[in-house]
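Engineer: Have a look at this one.
Bear in mind these aren't lab numbers, they're just calculated from the coordinates by the rules spelled out. The model shown is predicted, which means the values in this text are computed figures rather than measured ones. Note that each Cβ is placed from the backbone with ideal geometry, even for glycine, and that neighbours are counted across all protein chains shown.
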Amino acid sequence: MTEIALVRGDITEADVDAVVNAANSSLLGGGGVDGAIHRRGGPEILAACRELRATSLPDGLPTGQAVATTAGHLPARWVIHTVGPVYAKREDRSDLLASCYRESLRVADELGARTVAFPAISAGIYGWPMDDAARIAVTTVRATPTDVAEVRFVLFDDAAHQAFTVAAG
Ligand code: ADP
């Protein structure tokens, strides 16, 4: 049984086995959580991402998929990079957002990670409405079979924390 925890805070400080990064498909850095993880984790993370681009992911990481690297200087051991879908009013991309959570947990299981911290994927620069992003996050994690013992949602502000609290019921 996977325990779900909701905390307010900065995911770069999370004391967990793996932190999930809301990356973009280039894997070469961006704003939001991505920028914070690379700043706090140091250049080793970017070096590992460049290595992936030079080898297994020449075209980048597709939306909805996930891949792991070192976490550099972060307290976590690994960063699991996943690419959320950009929100679109006229197209339902919910399954791609759900896939980010499923695939990140699959990678976490491969690594043997027992505690995993997630941000609110797609709910920042990618524009997903927070309530809906929270609902998809919580329902997908609950429905995904995994050996991860604790999924910790690390929410950056009160609005996000509130939305996840409602979603977790
Ligand atoms: P995306 O491009 O997938 O929308 P963002 O990084 O822009 O990703 O935002 C995703 C969510 O993460 C937003 O709710 C944003 O406020 C939050 N966020 C930004 N920085 C951090 C951080 N250091 N720790 C946790 N959450 C963060």
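Engineer: Using the Cα atoms as the points, what is the convex hull volume per residue of the stretch 21-86 in Å³?
Structural biologist: Spread over its residues, the Cα hull of the stretch 21-86 gives 68 Å³ apiece.
Engineer: For the stretch 50-60, what does the Karplus curve 6.51 cos²θ - 1.76 cosθ + 1.60, with θ = phi - 60°, yield as ³J(HN,Hα) per residue in whole Hz, taken in order and with x for Gly and Pro?
Structural biologist: For the stretch 50-60, the Karplus curve yields 4, 5, 4, 5, 7, 10, 7, 10, x, 9, x Hz.
Engineer: Pop out the Kirkwood hydrodynamic radius of the stretch 12-59 from its pairwise C-alpha distances, inverse of mean 1/r, in Å to one decimal.
Structural biologist: Value: 11.3 Å, from the Cα pair sum.
Engineer: Would you mind checking which residues have amide H under 5 Å from N21's amide H? H placed 1.01 Å from N; only 5 or more apart, or other chain.
Structural biologist: I80, H81, T82
Engineer: Starting from the stretch 13-99, pick out the trypsin sites (Lys or Arg not before Pro) whose DSSP state is loop and whose Cβ has at most 14 other Cβ atoms within 10 Å.
Structural biologist: K89, R90
Engineer: Extent of the stretch 3-168 along each principal axis, from alpha carbon coordinates, in Å, largest to smallest?
Structural biologist: 40, 35, 28
Engineer: Which FRET efficiency, nearest 0.05, do Q162 and R114 yield, Cβ-Cβ r, R0 30 Å? Please list the in-between numbers first.
Structural biologist: Details: r = 28 Å, r/R0 = 0.93.
Working from the Cβ atoms, E equals 0.60.
Engineer: Show me 8-21, 130-143 ranked by packing, highest mean number of other Cβ atoms within 10 Å first.
Structural biologist: In decreasing order of mean packing, 8-21, 130-143 become 8-21, 130-143.
Engineer: L155's amide H: which non-local residues (gap 5+, or another chain) put their own amide H closer than 5 Å, with H modeled 1.01 Å from N in plane and none for Pro or chain starts?
Structural biologist: V7, R8, G9
Engineer: Spelling out what I want: for every residue of the stretch 18-26, take phi, set θ = phi - 60°, compute 6.51 cos²θ - 1.76 cosθ + 1.60 (Karplus), and round to whole Hz; glycine and proline get x.
Structural biologist: 9, 10, 8, 9, 7, 8, 10, 5, 5
Engineer: Taking every pair of distinct Cα atoms and averaging 1/r, then inverting, what Kirkwood hydrodynamic radius in Å comes out for the stretch 81-169?
Structural biologist: 13.2
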